[in-house]
Amino acid sequence: MPKIPQNVRGARFTGWGTSLGHNTVTNEDLTKTMDTNDEWIKERTGIHRRHIGGSTAELSIASGSAALQMSGVDPLSIDALILATTTPDRCVPATSATVQNALGLRCGAFDINAACSGFVYSLVNAHGLIAMGAERVLLIGTDTLARITDWTDRNTAILFADGSGAAVLESTTGSGHLLGWDLDADGSAEEILFAERGGYIQMDGKEVFRRAVRIMVDSATKSMNAAGVTADQISVIVPHQANIRIIKAACERLGIPLERSSVVIHETGNTSSASIPLALFGDFGQVKPKQGDLVLLVGFGAGMTAASAILEWGAQ
Ligand code: ACO
């Protein structure tokens, strides 16, 4: 678990935006194509509805342009674009190239695939670029899982959806907001959650659930140790939105009350790379950080990846 060196150049968010798949699909809608029901889905996952439709580039352009607008920065002043996605529109080029052009950016652009941990992976990498002299980085987490979901498979179709969240990260003269971080992966667990090229997501749901809670708690603990903070100091936890029962179990093991957890899964379903930015920046009535709050971002996903970060909200 690397520690952030003293006096390294920091960064903070100056703008953000989100977008959701174009069509709303309720649990009731799903009962028309598979043997399931609203009560089971709500109780076992916490999901009430989800939004699907649109390409990864379309949703990224919508959230990215909202983030640029909020920050007020000139698109030409962005030094790098990082797009976290598991569902690129094409094999080649990276979808970030399409998004870079559409947003009027003139900078390096690349995709990161770390499944649902992708946004936190991107955040840590963006801080690395800023430490190396970049002034501004646009981060986007987008997934269009609907395109790799078998809509007759009740094991997966009840969970997955489309969405995007973006943020402008700018260098700061004072200390930055990132206090600690952890990135992890265990490729030996590849077979419990995967999609072949051109195929649908295959998942051993029970095994993913079992591992998810453990690796979220491990990663979050490493980040808190790196930052020198304890669970009782965390004002808001922003977990990956995969299943409300996973969020509850992880919060319980970390000793963080559920009331401090940002929960948007009822509205969004599991949007993979977009999940954490939607929970942090979206507007679904969830708990939000205030100036000076310590915020824990923690995700897990296929790979099996895990990633976490401690932010001091609004730190300059
Ligand atoms: N509707 C109604 N009944 C169902 C459904 C459904 N959609 N699915 C399963 N059932 C039934 C089963 O047949 C079973 O019935 P039985 O008791 O008569 O045999 C019962 O409900 C319980 O089934 P389980 O599979 O034990 O259900 P579980 O509580 O484990 O929930 C779920 C399944 C929701 C998939 C859960 O295991 C889960 O959320 N796992 C984690 C998945 C996850 O997070 N994936 C994303 C990872 S992130 C990424 O990289 C994309």
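The values are calculated or read from the model by the stated rules, or taken from the named source; none is laboratory data. No experiment lies behind these values; they were computed from the predicted model shown. Virtual Cβ from ideal backbone geometry, glycine too; neighbours counted across all protein chains shown. Heads up: the accessible areas ignore ligands, DNA and RNA and are worked out on the full protein's heavy atoms, side chains in. Shrake-Rupley method; radii C 1.70, N 1.55, O 1.52, S 1.80 Å.
I'd like the carbon and sulfur percentage of the solvent accessible area for the chain, probe radius 1.4 Å, heavy atoms only, ligands and nucleic acids excluded. Each step should come with its number before you reach the end.
Values: 6320 of 12910 Å².
With neighbouring chains kept in place, the figure for the chain is 49 percent.
Out of all DSSP beta bridges with both ends in the chain, state the antiparallel percent to the nearest 5. Each step should come with its number before you reach the end.
Values: 40 of 57 bridges.
Antiparallel bridges: around 70 percent, rounded to the nearest 5.
Would you list the membrane-span-like helices of the chain, meaning whole DSSP H runs whose alpha-carbon atoms span at least 30 Å along their axis and whose mean Kyte-Doolittle value is at least -0.5? It would help to have the intermediate numbers written out before the result.
Details: long enough: 205-227 (32 Å, -0.16).
What comes out of the filter, once short or polar helices are dropped, is 205-227.
Post the alpha-carbon centroid distance, the stretch 240-254 to the stretch 127-168, in whole angstrom.
Using only Cα atoms to place each centre, the spacing works out to 20 Å.
From the helices alone, meaning DSSP H stretches of at least four residues, give me the mean residue ellipticity at 222 nm for the chain, per-run term -39500 (n - 2.57), in deg cm²/dmol to the nearest 500.
-9000 deg cm²/dmol
Once the piece of chain linking D150 and K290 is laid out straight, how much longer is it, given 0.36 nm per residue of separation minus the C-alpha distance between them?
On the way: separation 140, 0.36 × 140 = 50.40 nm, distance 3.99 nm.
Gain in length upon complete extension: 46.4 nm.
Taking the dipole about the Cα centre of the stretch 1-95, with the C-beta of Lys and Arg at +1 and of Asp and Glu at -1, give me whichever of T45, I4, V25 is farthest to the positive side.
Value: I4.
Taking a threshold of 22 Å on the Cα-Cα distance, which of the pairs K206/K248; K248/K288; K42/K222; K3/K290; K42/K248; K32/K248 fall above it?
Numbers: K206/K248 16 Å; K248/K288 18 Å; K42/K222 32 Å; K3/K290 25 Å; K42/K248 14 Å; K32/K248 30 Å.
Long pairs (Cα-Cα over 22 Å): K42/K222; K3/K290; K32/K248.
Kirkwood Rh, the stretch 181-316, all Cα pairs: how many Å? Don't skip to the end; give the middle numbers.
On the way: mean 1/r = 0.0661 Å⁻¹.
Roughly 15.1 Å, rounded to one decimal.
Counting only other residues whose beta carbon sits under 9 Å from that of L193, what net charge do I get with K and R as +1, D and E as -1?
-4
Could you give the size of the charge dipole of the stretch 178-312 about its Cα centre, using +1 on the Cβ of each K and R and -1 on the Cβ of each D and E, expressed in debye and rounded to the nearest 20? Display every interim value, and only then the final one.
Values: 12 positive and 16 negative charges, 50 e Å.
Its charge dipole is roughly 240 debye.
Keeping every protein chain present and rolling a 1.4 Å probe, give me the accessible area per residue for the chain in Å². Working shown, then result.
Numbers: 12910 Å² over 316 residues.
Per-residue value: 41 Å².
Whole percent per 10 Å bin, from 0 to the bin with the longest distance: what is P(r) over all C-alpha pairs of the chain?
All Cα pairs, binned at 10 Å, distribute as 7, 30, 37, 21, 5, 0 percent.
How would the stretch 11-171 be classified by its alpha-carbon gyration tensor: rounded, prolate or oblate, with rounded meaning a/c under 1.5 and the a/b versus b/c comparison settling the rest?
Values: a/c = 2.41, a/b = 2.26, b/c = 1.07.
Judged from the Cα gyration tensor, the stretch 11-171 comes out prolate (a/c at least 1.5, a/b above b/c).
Take every Cα pair under 8 Å in the stretch 13-57 that's 6+ residues apart, average their separations, divide by the length, and report that relative contact order as a whole percent.
Numbers: 40 pairs, mean separation 21.2, N = 45.
This gives 47 percent for the stretch 13-57.
Which number comes out as Rg/Rh for the stretch 132-237 once both Rg and the Kirkwood Rh are worked out on C-alpha atoms?
On the way: Rg = 18.0 Å, Rh = 17.2 Å.
Here Rg/Rh amounts to 1.04.
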